[in-house]
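Reading through the structure tokens given below for one structure.
Values quoted throughout were computed directly from the atomic coordinates according to the rules given, and no laboratory measurement underlies them. Treat the numbers as computed from the prediction; the structure is a model and nothing was measured. Cβ atoms come from the backbone with ideal geometry, glycine included; neighbour counts cover every protein chain shown.
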Amino acid sequence: MRSRFVRPLIAALALAGLAGCSGTPAPGGSSSATSAPSSSVSPSDTPSKPTPTQVPTTLGPEDTTPDPSLPAVKPTPGQGNAELSITVLESADAAPQHYTLVCIDGAPAAESKHPTADAACTALKNNPSLLSHAPIKSDQECTQQFGGPQTAKVTGAVDGMEISASFSRTDGCQIALWDAASAIIGSSGGAA
């Protein structure tokens, strides 16, 4: 019987707390936590929801590690058009491997010179933002593990958007970015 009253009370308190944190007061207005929330909501007062191409994370918008407690957000499929130049270095003293990836409507074009062109074009069509990751913040915590000496550079365009992305396997954050884009990079990486 007690939980019948406690749960709604907790929900009401949580909503009141969120309403008190949902914006800045207007000039000359009060910021009292006891004021009732307004029934009109402007677009700037609404909390931002992840766009379909953003991945819910545990550490912040730059972290690509999905938070298992959040609902999965599926990326918005793209047009599947890409022209990319990919350079992979397996180690500092190895000869660079150069790939060209051209995709039209999610399928590799004849001029593609890529070891997994079908998988790469499919990955880009399913998630065109794979190569548009935000830089990792300097205060973001990443596991300190070494995934291998590999580095990769991808330049070009995906669905008309310019791309310039660098990848490495120097810590947990970089390894996660590499693994997410491995079909496009053309190398699965891993310590040599």
**OP:** Show the residues, 5+ positions off or on another chain, whose built amide H is closer than 5 Å to the amide H of residue 163.
**Re:** 156, 157, 158
Subject >> Förster radius 35 Å - calculated FRET efficiency between residue 110 and residue 132 (Cβ-Cβ, nearest 0.05) >> reply: 0.85
Original post:
Quick one: how many lysine pairs in segment 73-153 have C-alpha atoms under 21 angstrom apart, if they're 8 or more apart or on different chains?
Top reply: 5
